[in-house]
Amino acid sequence: MQLSWIYGAAEPRLVSHDGVMMHPAAAAAFAAMQQQAAKAGIQLAVTSGYRSFERQLAIWNAKASGKRPLLDINGQPVDATGLDADTLIDTILLWSALPGCSRHHWGSDLDVFDATRIARDALKLEAWEYAQDGPCHAMANWLGDHCQEFGFFLPYQAGKSGVSPEPWHISFAPAAQFAINQFDVTQLRAVITASDMALKDTVLLRLDALVSRYVKHFAPPSFPFDELDLRHE
């Protein structure tokens, strides 16, 4: 299957940076951004980088089966008892990507935090941690002002994306844009069909709409950049 790494079904070219796997170009840009952030007293660190289809599938199935908590749009717990398949899918998708649709499959996207102000083990990746008085608030402001200088942008913003706002999620535009432009629902459908995904039949019926909302609808980068040619990754 061509470019199967876009859907997490194969591993793209990756390197380890600070113990996290990411695309080499993203790693180099992130390292430069770390150095600049350090001058402002911010220790940029990554809690999640590359993620395979199988890893995303484990998260999805655990939420669908009640083994991991479900949250509403405000981050409050949801009782999944009695939810129909469509409602359960929509609830999971508030905070977790559909396997095959995660930007983390590409090695271009990172979840970040300020290691000078909160330990990785204490981090919950919740909005309050990046809001006023949260431990990562200064970092979030710094990223908003400077991440584009290194080719990164924030794809999940309020009113601009299908995914709920994630101030911790940054994307390396030159690599991510290639994946978006090459994203093919037919190939995704084949990957999902071959998997043991919970709620699979209902997901497949809605797949075109889900991709349109959660993959294709995001806050685009607001700066010029050269898209990488990753056809041979």
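The values are calculated or read from the model by the stated rules, or taken from the named source; none is laboratory data. Bear in mind the structure is a predicted one, so any value in this text is a computation, not a measurement. Glycine also receives a Cβ, built like all others from the backbone with ideal geometry; neighbour counts cover every protein chain displayed. Surface accessibility is based on the protein's heavy atoms, side chains included, excluding ligands, DNA and RNA. Shrake-Rupley method; radii C 1.70, N 1.55, O 1.52, S 1.80 Å.
In table form, for the structure just shown:
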| item | result |
| --- | --- |
| Per-region count, the stretch 91-113, residues in contact with a Phe, Trp or Tyr (Cβ under 9 Å, 6 or more places away or on another chain) and part of a loop (DSSP other than H, G, I, E, B) | 10 |
| The stretch 162-209: number of residues that are within 15 Å of I6 (Cβ to Cβ) and among the charged types (D, E, K, R) | 2 |
| Helices (runs of 4 or more DSSP H) contained entirely in the stretch 183-233, each with at least 2 residues that are more than 26 Å from K160 (Cβ to Cβ) and at pLDDT 95 or above | 185-193, 200-205 |
| So L88, is it crowded, with 18+ Cβ neighbours inside 10 Å, aliphatic (A, V, I, L, M) and over 30 Å from F172 (Cβ atoms) | yes |
| Options M33, M22: the member that is over 17 Å from the mean Cα position of the chain (by Cα), in contact (Cβ under 8 Å) with a residue 24 or more places away in the chain and open to solvent by less than 20 Å² (accessible area, probe 1.4 Å) | M33 |
| Residue under evaluation E54, criteria (1) surrounded by fewer than 20 Cβ atoms within 10 Å (Cβ to Cβ); (2) in a strand (DSSP E or B), criterion not met | (2) |
| Pairs with Cβ under 6 Å, 6+ apart, first in the stretch 54-75 and touching a residue at least 12 places away in the same chain (Cβ under 8 Å), second surrounded by fewer than 15 Cβ atoms within 10 Å (Cβ to Cβ) | G75/E126 |
| Residue count for the stretch 57-81, restricted to those that are assigned to a helix (DSSP H, G or I) and open to solvent by 20 Å² or more (accessible area, probe 1.4 Å) | 4 |
| Unique match (being open to solvent by 30 Å² or more (accessible area, probe 1.4 Å), under 19 Å from R103 (Cβ atoms) and within 13 Å of the chain's Cα centre (by Cα)) among P167, P220 | P167 |
| Residues (open to solvent by 60 Å² or more (accessible area, probe 1.4 Å) and not in a loop (DSSP other than H, G, I, E, B)) located in the stretch 114-145 | R120, D121, W128, N141, D145 |
| Members of the stretch 145-164 found to be modelled with pLDDT of 95 or more, farther than 25 Å from L230 by Cα and over 13 Å from the mean Cα position of the chain (by Cα), listed by number | D145, H146, K160 |
